[in-house]
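In what follows, a structure is listed as structure tokens, so that the remarks can point back to it.
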Amino acid sequence: MLSARPTASLSLWDAVRACLAGDHPAPCLVLASGDPGHVPEQALVDLLAGPFGIGAVTPLLYDARGRVIEAGTYLGPAGTVTPFGAGSPLGAPELAFRRDVPGTLSPVVALAPAAWEGFEPNPTSTLADLLAHVQAKGLRVVYEPTWHVRAPESIPAGPVTGGP
């Protein structure tokens with residue numbers, strides 16, 4: 001698995017282009033920021049290179065307290081992308097299954113080479129824009145429960161229990 005990480009002289013999108021350049025059919029791990037955590041490389045390669053129509057894979061995102069921020073997402077009643085499992089402990093059984101997701105808060109995704117084709121990023125493009133492109137191509141975005149990534153400080157921690 002190849003890795004694309006922006007640097008001071010290389011934008012995220014240039015890093016992804018470099019990662020996917022050439023005759024390399026391997027999936028690419030796209031890192032917008034932060035640490036990719038323990039990457040289950042074989043699972044990601046199997047998903048992205050298999051006959052499943054998957055274009056991108058997202059991880060479980062957790063905070064410094066070890067609480068889940070997002071274990072995939074779902075579309076809420078107003079059509080907004082809503083985190084699934086927020087506030088749950090790591091290892092909660094209800095988070096341990098793969099599923100299609102509409103998006104992610106994660107700064108890390110794994111991407112199949114074919115999913116990138118036709119994406120023309122601009123300086124304000126985000127990973128959300130890339131995932132929307134993946135889905136517009138008819139490819140799936142899937143949450144992988146064995147891939148855990150600690151969220152960077154810029155992503156708010158999971159919910160805190162409190163009264164109204």
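How long is the gain from residue 137 to residue 120 if the chain were fully straight, where each residue apart is worth 0.36 nm and the alpha carbon distance is subtracted? This chain segment gains 4.8 nm when fully extended.
Among 55-61, 87-93, the peptide with the highest mean count of other Cβ atoms within 10 Å heads the list, and the full ranking is 55-61, 87-93.
With 0.36 nm allotted per residue and the present C-alpha distance subtracted, the residue 146-residue 64 stretch has 27.7 nm of extension available.
The 1.4 Å probe gives accessible areas that order 67, 98, largest first, as 98, 67.
Placing unit charges on the Cβ atoms only, positive for Lys and Arg and negative for Asp and Glu, gives region 54-106 a dipole magnitude near 60 debye about its Cα centre.
Projected label points at residue 78 and residue 8, each 7 Å from Cα along the beta carbon direction, are separated by 4.2 nanometres. Taking every protein chain into account, the accessible area of region 49-164 amounts to 49 square angstrom per residue (probe 1.4 Å).
Net charge in the neighbourhood of residue 40 (other residues with Cβ under 12 Å of its Cβ; Lys, Arg +1, Asp, Glu -1) is -2.
Ranked by the mean number of other Cβ atoms within 10 Å of their residues, highest first, the peptides 132-141, 101-110 come out as 101-110, 132-141. Between residue 153 and residue 98, full extension at 0.36 nm per residue minus the direct alpha carbon distance yields a gain of 17.2 nm.
The values are calculated or read from the model by the stated rules, or taken from the named source; none is laboratory data. Since the model is a prediction, treat every value here as computed from it, not as a measurement. In this analysis, Cβ positions are derived from the backbone assuming ideal geometry, glycine residues included, and neighbour counts consider all displayed protein chains. Calculation scope for accessible area: heavy atoms of the full protein, side chains included, ligands and nucleic acids excluded. Shrake-Rupley method; radii C 1.70, N 1.55, O 1.52, S 1.80 Å.
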